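A short write-up of the structure that comes next.
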Amino acid sequence: MMAAAYRTEEPAPSGGRARLRRVLLVDDDPLVRRALASILQLDAEVVTASDRRTALGMLEQSRFDAIICDHDLPDGTGFDVLETWARAGRPASRFVLHTGRRDIDPAEVRVVLKPSDPSVFRSFLREVAEGT
């Protein structure tokens, strides 16, 4: 169970663009987690978790503006995290399931297939910040 917070030293974007405060990034692969966090920190404070249990604990203790979550976690699935997020009244539109699985219905949740271009996640965060 590893959790980390990454904060950017860059100023918030100018020009009236909204900036997210906190994003939860859940992935059991440390390389994927670090790479995505380093990119996403340009848009928000990124808090990471390596498994379902840690992510659920963070959701109980903190508020997040969005979640990017791997599907296959060592102790569950990304749908477990989504269920907790939804029970807290948070919109599914602020949740992305990041997976290599091709059998997940994108009508249930926003899915980004692996391998993925990090710009997809930055676009997602901009959409969430702008409320679109």
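The values are calculated or read from the model by the stated rules, or taken from the named source; none is laboratory data. The structure presented is a predicted model; accordingly, all values stated were derived computationally and were not measured. Cβ: placed from backbone, ideal geometry, glycine included. Neighbour counts: every protein chain shown.
Given (1) surrounded by 16 or more Cβ atoms within 10 Å (Cβ to Cβ); (2) over 20 Å from Arg34 (Cα atoms), identify the lone condition not met by Asp51.
In the conditions (1) surrounded by 16 or more Cβ atoms within 10 Å (Cβ to Cβ); (2) over 20 Å from Arg34 (Cα atoms), Asp51 misses (2) alone.
Residue by residue through segment 94-119, note down the ones that are in a helix (DSSP H, G or I) and surrounded by 15 or more Cβ atoms within 10 Å (Cβ to Cβ).
Arg94
Pick from segment 33-42 the residues that are farther than 21 Å from Asp72 by Cβ and touching a Phe, Trp or Tyr at 6+ places or on another chain (Cβ under 9 Å): which of them is surrounded by the most Cβ atoms within 10 Å (Cβ to Cβ)?
Gln41
Step by step: first the residues of segment 102-115, then only those that are touching a Leu at 6+ places or on another chain (Cβ under 8 Å) and over 17 Å from Glu127 (Cα atoms), then the one that is modelled with the highest pLDDT. Which residue is that?
This residue is Arg102.
Looking at Glu10 and the list (1) over 14 Å from the mean Cα position of the chain (by Cα); (2) modelled with pLDDT of 60 or more; (3) not polar (S, T, N, Q), which single condition is not satisfied?
(2)
Which residue pairs have Cβ atoms closer than 7 Å, lie 6 or more positions apart in sequence or on different chains, and pair a first residue in segment 73-87 that is over 15 Å from Asp27 (Cβ atoms) and without any contact (Cβ under 8 Å) to a residue 40 or more places away in the chain with a second residue that is of a type outside the set (S, T, N, Q) and not in a helix (DSSP H, G or I)?
Trp85/Ile67; Trp85/Phe95
Output the residues belonging to segment 45-64 that are over 26 Å from Arg102 (Cα atoms) and either touching a helix residue (DSSP H, G or I) at 6+ places or on another chain (Cβ under 6 Å) or free of Cβ contacts under 8 Å to residues at least 40 places away in the same chain (or both).
Of everything in segment 45-64, those that are over 26 Å from Arg102 (Cα atoms) and either touching a helix residue (DSSP H, G or I) at 6+ places or on another chain (Cβ under 6 Å) or free of Cβ contacts under 8 Å to residues at least 40 places away in the same chain (or both) turn out to be Val46, Gly57, Leu59, Glu60, Gln61.
Just one of Leu59, Leu82, Leu20, Leu24 is surrounded by 15 or more Cβ atoms within 10 Å (Cβ to Cβ), of a type outside the set (Val, Ile, Thr) and either in a loop (DSSP other than H, G, I, E, B) or modelled with pLDDT under 90 (or both); which is it?
So the residue among Leu59, Leu82, Leu20, Leu24 that is surrounded by 15 or more Cβ atoms within 10 Å (Cβ to Cβ), of a type outside the set (Val, Ile, Thr) and either in a loop (DSSP other than H, G, I, E, B) or modelled with pLDDT under 90 (or both) is Leu20.
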